[in-house]
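Heads up, the thing below is written out as structure tokens.
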Amino acid sequence: MLVDELSTLADWIRNSSRTFIMTGAGVSAESGLSTFRGQNNSLWKQYDPHRLASREGFAEDPQLVWDWYQWRRQQIVQAQPNSAHTGIAWLQQRLPVFLVTQNVDGLHHKAGSELIYELHGNIMRNRCYDELCDYSEEVSDVTAGLSFCPQCHKHYLRPSVVWFGENLDTKVLSEVERISSSCELFLSVGTSSLVYPAAGFAHVAHSNGARLVEINIEATALSDEVDLLITSSAGEVFEQLEKLLSDL
Ligand code: OAD
């Protein structure tokens, strides 16, 4: 493990009055959940994102898409937070740390984190496919079949996640942009930094003077820009950070 880099990071975290942490699928990898890109078993290496994660894909084959999300939900309900989730929650109890995630698995909540935004939604909720119908519900049965919306009875229920081609809430976007432009330290953790607008917040923070740190097991689209690169697993890094900051 990179002792110098970690102690630099620990000092920066200790002295930052506003730290922003952006997480991606890599944070949940050590909980046994596949990432979307990178490793051979990653989801988009095995499955076509346009068939499984777009409105058009759902319209074409709702049964296929529904079954795929139920399969993912079955894995997610079994998953437990790892040292990265619990370490971030631990930091939030001691320092001003704003947490935004691209993950839909709810593991930051499970670890007790105060999460500002789940940018891409939450897989454990359903909503109506019709954008004009406001029905949404918590998922109670991860084995239930595809069904019609109980409010409008016309359209299928779909998972309440953001698909390719769908917009994020504009209020959420401007709020996250505001926080990233005023933070002192920005940690990009376990994300390939390829999917926008989420990947853009690191640039906003950096151009407004924040220190930029990346924690990832491999190089990403952001690596060349960062002030500190920690090439290690997120679980290991946050476990070590808890030790280095144990006096907080
Ligand atoms: P990706 O799958 O694109 O990237 C995961 C990143 O985590 C990669 O850069 C890996 O190297 C890294 N990684 C893997 N294991 C790690 C570990 N133990 N510790 C640290 N890093 C590790 O995931 P995201 O960047 O989150 O969209 O993907 C962004 C969005 O693309 C997702 O939210 C999803 C997807 O399509 C939706 O679901 C809407």
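What follows draws every value from the coordinates through simple rules; no lab data is involved. This is a predicted model, so every value here is computed, not measured. Here the Cβ positions follow ideal geometry from the backbone for every residue, glycine too, while neighbour counts run over all protein chains shown.
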Report summary line: Taking alpha-carbon centroids only, region 181-200 lies from region 76-101 a number of Å equal to 16
Query raised in the report: Under the Karplus relation 6.51 cos²θ - 1.76 cosθ + 1.60, θ = phi - 60°, what is the ordered set of whole-Hz ³J(HN,Hα) values for region 163-173, x standing for Gly and Pro?
Result: 9, 4, x, 9, 8, 7, 4, 5, 5, 4, 4
**Report entry** Alpha-carbon radius of gyration plus Dmax, which is the widest Cα pair, for region 168-240 in Å
**Finding:** 12.3, 37
Query - Between helix 234-244 and the chain: long-axis angle, C-alpha atoms, 0 to 90°, nearest 10 - result: 40
Query raised in the report: Given 0.36 nm per residue, what is the gain on full extension from Gln80 to Gln63 after removing their alpha carbon distance, in nm?
Result: 3.3 nm
Query - Total charge dipole magnitude, region 38-124, about the Cα centre, Cβ charges on Lys, Arg, Asp, Glu only, Debye to nearest 20 - result: 300
Report task. Note down the net charge around Gly87, summing +1 for each Lys or Arg and -1 for each Asp or Glu among other residues with Cβ under 9 Å from its Cβ. Result -> -2
Report task. Give the Debye-formula value of log10 I(q)/I(0) at each listed q (0.10, 0.11 Å⁻¹), with one equal scatterer per alpha carbon of the chain, two decimals each. Result -> -0.49, -0.59
Report task. Could you work out the equivalent-ellipsoid semi-axes for region 58-200, taking the square root of 5 times each eigenvalue of the Cα gyration tensor, largest first, in whole Å? Result -> 29, 18, 13
Query raised in the report: For Arg51, what is the net charge nearby, where nearby means another residue's Cβ is under 10 Å from its Cβ and Lys, Arg count +1, Asp, Glu -1?
Result: -4
